[in-house]
Amino acid sequence: MSHHIVQADDLHYTYPDGTVGIDSISFRITHGESVALVGANGAGKSTLLLHLNGCLISSKGDIRIGDYPLNKRNIKAVRRSVGMVFQNPDDQLFMPTVYDDVAFGPINLGMHEYKVKKRVLHALETVGAEHLINRPPYKLSGGEKRAVAIATVLAVSPDVLVMDEPTSNLDPMSRKRLINLLKTFEHTKIIATHDLDMALDLCERTIVLHKGKITADGPTIDLFNDASLLARSGLEKPLGMQGCPVCNR
C-alpha cells in the first residue's frame with residue numbers, strides 16, 4: 001500500500017431502530033497522522049470507527065483505506081491494513097492463552113509456524129507483555145488485557161491503528177504506560193476517546209462529533225481552547241488546561 005490514508009466521503013448510517021449513527025461524515029487522514037475523535041456519549045464515535053474496517057457498512061457514502069475502496073471485494077485487504085482495538089478487551093481476547101490470542105491473526109493470514117511465533121514475541125515485547133505469554137487472558141488485570149489486545153493487532157502489522165476508548169478503566173500508572181507506548185508508534189492512529197488529556201498528549205489533530213455530525217476538525221490545541229465549541233458538543237476542556245481550582249490560575 002503506497003499511502004496509508006483514511007478517507008470518508010458523505011457517510012451515513014442509521015441503526016435498525018431508526019437511530020441516526022452518523023450523518024454526512026467526510027474527512028481525510030493522511031499517512032502518520034494521529035487523530036482524536038471526541039464527543040459526548042452517543043455522538044457517533046464508535047459507530048464511525050466500526051465503519052473503518054467494515055464491521056458496519058454505511059447506507060450512503062464511501063470509505064477509502066490507502067489504495068482500496070472499502071467494499072466486499074476489498075474487505076480482507078482493508079482489514080489487514082486497519083487494526084482495530086475495541087473498547088472492551090474481553091471482546092478481543094477469547095483464546096485459552098495470551099499466545100493463542102496474539103497468534104490468531106497471523107495464523108489466519110496463513111503464516112508459517114516459525115513466523116507466527118516471531119510475530120507473537122515481537123508484538124508482546126512491544127507492549128511490554130512478553131511475561132504474560134502463557135497466561136489465560138481472563139486472569140489478567142485491565143491494563144494487562146489492554147496491552148495484550150493491542151499486541152493482537154500489532155501481530156498482523158497493520159498500517160492504521162484504530163482504538164476505541166483505549167484508556168477507559170485503566171489505573172493512572174497503566175494509563176501513563178499506554179500513552180507512552182502509543183507515542184512510540186509510527187502508525188496512522190485514529191483514537192476515539194473521552195480522555196481529552198490523552199488526546200492533547202497524543203494527537204495533533206482532533207475531529208469533534210456531535211449527534212452524528214462533524215462540528216469541528218482542526219489542531220487539537222486550538223479546538224480544546226474553544227470553550228464555546230466544547231460546551232456545544234457536551235465536552236469540557238482537558239483537566240490540564242483548566243488551571244488550578246484553588247488559585248484560579
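The values are calculated or read from the model by the stated rules, or taken from the named source; none is laboratory data. Because the structure is a prediction, the values reported are computed rather than measured. Glycine gets a Cβ as well: all are built from the backbone with ideal geometry, and neighbour counts include every protein chain shown.
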- line: Of the residues in the range 187-241, those that are touching a Phe, Trp or Tyr at 6+ places or on another chain (Cβ under 7 Å), closer than 26 Å to residue 4 by Cα and either free of Cβ contacts under 8 Å to residues at least 60 places away in the same chain or of a type outside the set (Val, Ile, Thr) (or both) come to 196, 200, 217
task: Find all pairs meeting these conditions: Cβ atoms under 8 angstrom apart; at least six residues apart or on different chains; first residue within the range 54-70 and assigned to a loop (DSSP other than H, G, I, E, B); second residue acidic (Asp, Glu).
output: 66/159; 70/62
- prompt: Given the residues 85, 98, 38, which is the only one that is buried (at least 19 other Cβ atoms within 10 Å of the Cβ), in contact (Cβ under 8 Å) with a residue 24 or more places away in the chain and more than 30 Å from residue 236 (Cα to Cα)?
  reply: 98
Every residue from the range 106-134 that is assigned to a helix (DSSP H, G or I), crowded, with 19+ Cβ neighbours inside 10 Å and not small (Gly, Ala, Ser): 106, 116, 119, 120, 124, 132
query: Out of all the residues in the range 157-165, is one or more surrounded by fewer than 18 Cβ atoms within 10 Å (Cβ to Cβ) and either under 22 Å from residue 68 (Cβ atoms) or modelled with pLDDT of 95 or more (or both)?
result: yes
- prompt: Pick from 191, 214: which is touching a Cys at 6+ places or on another chain (Cβ under 7 Å), β-branched (Val, Ile, Thr), closer than 23 Å to residue 50 by Cβ and buried (at least 17 other Cβ atoms within 10 Å of the Cβ)?
  reply: 191
query: In this structure, does residue 153 turn out to be under 30 Å from residue 118 (Cα atoms), in a helix (DSSP H, G or I), in contact with a Gly (Cβ under 6 Å, 6 or more places away or on another chain) and aliphatic (A, V, I, L, M)?
result: yes
field: Answer residue from the range 56-82, given it is under 16 Å from residue 190 (Cα atoms) and of a type in the set (A, V, I, L, M, F, W, C) and is modelled with the lowest pLDDT among those
entry: 78
field: the range 71-105 - residue that is assigned to a loop (DSSP other than H, G, I, E, B) and of a type in the set (D, E, K, R) and, of those, farthest from the chain's Cα centre (by Cα)
entry: 73
